[in-house]
1. What distance in nm separates the simple spin-label points at GLU73 and SER32, each placed 7 Å from Cα in the Cβ direction?
2. Return the distance in nm (one decimal) between the two label points of a simple spin-label model at ILE20 and GLN198, each offset 7 Å from Cα along Cα→Cβ.
3. Could you calculate the contour length gain from VAL114 to LEU131, that is, 0.36 nm times the residue separation minus the distance between their Cα atoms, to one decimal place in nm?
4. With respect to the cross-link table entries LYS23/LYS93; LYS23/LYS96; LYS96/LYS150; LYS30/LYS150; LYS30/LYS141; LYS44/LYS94, which display a Cα-Cα separation exceeding 22 Å?
5. For MET147 and ARG102, calculate 0.36 nm times their separation in residues minus their Cα-Cα distance, and state this gained length in nm to one decimal.
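Readers should treat all values here as calculations from the given coordinates under stated rules, not as data from a laboratory. Since the structure is predicted, the reported quantities are computational estimates derived from the model, not experimental observations. Virtual Cβ from ideal backbone geometry, glycine too; neighbours counted across all protein chains shown.
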Amino acid sequence: MGMAATESQFHVLAVDDSVIDRKLIERLLKTSACQVTTVDSGSKALEFLGLQEHDKNQTNQPCVTLDNHQEAEINLIITDYCMPGMTGYDLLKKIKESSSLRNIPVVIMSSENVPSRITRCLEEGAEEFFLKPVRLSDVNKLKPHMMKTKCKSHKQQQPETIITETNQESIDIAYVVPPQVPQTESDNTVLQQQQQSQANSNNKNKRKALEESLSPDRTRPRFSSLAAI
C-alpha cells in the first residue's frame with residue numbers, strides 16, 4: 001500500500017541557493033503529496049540529472065537533500081532565477097538543450113518582478129514564472145504540467161511495443177514469403193529454358209541423323225549392292 005502510494009507520487013527537483021526558500025518549497029510540495037529532491041545550485045541540479053557540470057571555483061561539498069530514491073524519474077524542476085554561478089535561466093537553457101531532459105517541465109521563481117526576465121524565461125521554454133514567496137495556490141498549478149510527463153512517458157512506451165511487433169511481423173513476411181515466389185518463378189524459367197534448349201538440341205541431332213540417312217551418298221551403295229545380287 002505504501003509502495004503504491006510512492007510510485008504514484010510526482011517527483012520534483014527544487015533548486016534554490018537559499019535554505020529558507022528551499023525548505024518552504026519542499027514543505028509546500030510535500031503538502032501536495034509530491035516527492036521532493038532539493039539542491040542548492042544549478043550545477044548540482046545538472047549533476048543530479050546526469051549532466052555533469054562542474055564548477056571549478058566551487059569547493060564546497062554538495063548540498064543535496066534526497067527524498068527516497070535518487071534514480072526516480074523527475075516530473076518537474078522548479079528553480080530560483082537569481083543564484084550564484086549558474087542562474088535559473090542558465091539551468092533552463094541547459095535542460096532544454098538536452099535531448100534526454102528537454103521534456104521535463106521547468107518552472108522559474110524569483111523575488112523580483114521583472115517583465116523582460118519573465119518573458120525571456122517563458123520564451124526559452126519555462127512553463128510558469130512564480131513570484132516569491134511561493135504559495136500553495138502556485139504549487140497547485142504545477143499538477144497539470146507534471147501530468148504531461150506521466151502521459152508522455154506512458155505513450156512513449158506503448159508505441160515501442162506496437163512498432164516492435166509490426167517490425168517483427170514485416171520481417172517474418174519479408175523473410176518467408178517474398179523469396180518463395182520470385183525464386184520459384186525464376187527457377188521455373190531457367191528450367192524451362194534448359195528443357196527447351198535440350199529439346200532443340202535433340203531435335204537438331206534427330207534431324208541431322210535423318211538427313212544423313214536419306215542422303216544419296218548413303219543410299220546408293222545399298223541399291224548397287226542389291227542390283228549385284
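1. 1.9 nm
2. Rounded to a tenth, the inter-label distance reads 10.1 nm.
3. Taking 0.36 nm per residue and subtracting the Cα distance, the gain is 5.1 nm.
4. LYS23/LYS93; LYS23/LYS96
5. Here the answer is 14.6 nm.
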